[in-house]
1. Suppose we keep only residues that are at pLDDT 95 or above and part of a loop (DSSP other than H, G, I, E, B) within region 55-64. Which one would you say is surrounded by the most Cβ atoms within 10 Å (Cβ to Cβ)?
2. Among the numbered criteria (1) assigned to a helix (DSSP H, G or I); (2) closer than 13 Å to residue 111 by Cβ, which single criterion is violated by residue 153?
3. Do the conditions hold for residue 67, that is, is it closer than 26 Å to residue 196 by Cα and touching a residue at least 40 places away in the same chain (Cβ under 8 Å)?
4. Hey, can you tell me all the residues within region 95-106 that are part of a loop (DSSP other than H, G, I, E, B) and touching a residue at least 12 places away in the same chain (Cβ under 8 Å)?
5. Within region 107-135, work out how many residues are over 26 Å from residue 78 (Cα atoms) and either without any contact (Cβ under 8 Å) to a residue 60 or more places away in the chain or not in a loop (DSSP other than H, G, I, E, B) (or both).
6. Could you check region 104-122 and list, in sequence order, the residues that are more than 15 Å from residue 31 (Cα to Cα), out of contact with any helix residue (DSSP H, G or I) (no Cβ under 9 Å at 6 or more places or on another chain) and loosely packed, with under 15 Cβ neighbours inside 10 Å?
7. Any residue at all in region 146-158 that's farther than 19 Å from residue 48 by Cβ, crowded, with 16+ Cβ neighbours inside 10 Å and more than 16 Å from the chain's Cα centre (by Cα)?
């Protein structure tokens, strides 16, 4: 009888501990890095899909002042890109505009930003969200091995050609997300040529571009 009581007491203690661990689980937050030059419906469709399907509390759009792997000759000033981003995500409580890289050294290196965000938000479980096109050049990222070792990474498809990367990076999680082949580069080029791209952009973003003449010359 005493043995049975001890077993019941041990089992009750175990359940309490498991419950406590479950309660302490950190909320998962996706970090969607990008220049967002400009932000377009492809970004938003992917982010919204991941927010609903992958158990994220929030998706943070981490706007980069200067990506070291990209030329900045066509890069709109960061405050203009931020204005478009804020207009695009207005009204969605699951989307957050993150400007932390604005006050960090330039160019922006993801491994530094990750360290800063983790230190400032220890209560959150951050997941780095990247497209398969970025994974294709991941070895060019500064401290990419450190990122792989210390940060959860979720990859969404950008083209059929990059899907074979699954065998190369087995430690990353592949999102079952729609394949959307819209790029900011294409949109900028189309705007410069005078094409109508309003259906590729959120209404607020399209209006800002038209009213301010961004990318039009």
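1. Step one: filter region 55-64 for residues at pLDDT 95 or above, giving 56-64.
Checking which are part of a loop (DSSP other than H, G, I, E, B) leaves us with 56-57, 64.
Working: 56: 20, 57: 13, 64: 24.
Among residues in region 55-64 that are at pLDDT 95 or above and part of a loop (DSSP other than H, G, I, E, B), the one surrounded by the most Cβ atoms within 10 Å (Cβ to Cβ) is 64.
2. Tallying (1) assigned to a helix (DSSP H, G or I); (2) closer than 13 Å to residue 111 by Cβ, residue 153 fails exactly one: (1).
3. Numbers: closer than 26 Å to residue 196 by Cα: no; touching a residue at least 40 places away in the same chain (Cβ under 8 Å): yes.
Considered against the rule, which asks whether it is closer than 26 Å to residue 196 by Cα and touching a residue at least 40 places away in the same chain (Cβ under 8 Å), residue 67 comes out as no.
4. As a first pass, look at region 95-106 and keep what is part of a loop (DSSP other than H, G, I, E, B): 99, 104-106.
Within region 95-106, 99, 104, 106 qualify.
5. 2
6. Let us first name the residues in region 104-122 that are more than 15 Å from residue 31 (Cα to Cα), namely 104-107.
Within this subset, residues satisfying the condition of being out of contact with any helix residue (DSSP H, G or I) (no Cβ under 9 Å at 6 or more places or on another chain) are 106-107.
Hit for region 104-122 is 106, nothing else.
7. Within region 146-158, not a single residue is farther than 19 Å from residue 48 by Cβ, crowded, with 16+ Cβ neighbours inside 10 Å and more than 16 Å from the chain's Cα centre (by Cα).
Residue-by-condition table, conditions (1) modelled with pLDDT under 95; (2) in a loop (DSSP other than H, G, I, E, B); (3) under 22 Å from residue 122 (Cβ atoms):
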position	(1), (2), (3)
10	yes, no, no
46	no, no, no
88	no, no, no
93	no, yes, no
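The values are calculated or read from the model by the stated rules, or taken from the named source; none is laboratory data. No experiment lies behind these values; they were computed from the predicted model shown. Positions of Cβ are generated from backbone atoms using ideal geometry, with glycine treated the same way; all protein chains shown enter the neighbour counts.
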